[in-house]
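Asks: Below is the structure I would like to discuss, written out as structure tokens.
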Amino acid sequence: MTDANCIFCKIIAGQIPSRKVYEDDEIFAFHDINPWAPVHFLIIPKLHIPSMAHVTPEHEGLLGRMMLLAPKLAVQEGAKPYPEGGFRIVANTGAEGGQEVHHMHWHVMGGPRPWLRG
């Protein structure tokens with residue numbers, strides 16, 4: 001399922017260009033266009049899920065795969081491995097949670113700490 005008006009669905013479909021980090025049948029990752037950190041990319045499901053508030057038990061496998069992929073891609077994109085380095089995963093959910101694009105996505109951020117915010 002996709003949403004014809006969703007910017008992330010359009011990125012997945014190749015209608016809007018992105019700097020791709022990773023792609024498989026269910027997951028797409030690409031660099032954030034307004035990065036907060038030296039390493040900053042998004043991991044999104046190809047399935048249009050509006051937010052983390054919309055996940056159900058049927059998404060368990062997909063979410064697990066996304067979580068397992070995050071550390072691998074963080075290091076691939078330049079974050080130092082744990083424990084010397086590390087990364088942050090942020091999932092904004094809903095208006096009060098700061099979500100701007102209503103397609104579930106995780107920000108993966110890493111690199112030297114000056115960018116780190118509370």
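Asks: With no solvent and one equal point scatterer placed on each C-alpha of the range 7-115, evaluate the Debye formula and give log10 I(q)/I(0) for q = 0.12, 0.21 Å⁻¹, two decimals.
Replies: -0.39, -1.20
Asks: Then there's this: Please give every one of the lysines within straight-line cross-link reach of LYS46, meaning a C-alpha to C-alpha distance under 25 Å, and leave out same-chain neighbours fewer than 8 residues apart.
Replies: LYS10, LYS20, LYS72
Asks: Go ahead and estimate [θ] at 222 nm for the chain from helices alone: -39,500 (n - 2.57) per DSSP H run with n ≥ 4, summed, over the residue count, rounded to 500. Don't jump to the answer; show the numbers that get you there.
Replies: On the way: 2 runs with 23 residues, N = 118.
Counting only the DSSP helices, I get -6000 deg cm²/dmol.
Asks: May I pose another question? How high is the relative contact order of the chain, in percent, with contacts defined as C-alpha pairs under 8 Å that are six or more residues apart?
Replies: With pairs under 8 Å counted, the relative contact order is 30 percent.
Asks: Can you give the angle from 0 to 90° between the axis of helix 60-76 and the longest principal axis of the chain, with both taken from C-alpha atoms, to the nearest 10?
Replies: Here the helix axis deviates by roughly 40 degrees.
No lab work stands behind these numbers, since they all come straight from the coordinates. Note that the structure is predicted; figures quoted are calculated from it, not measured.
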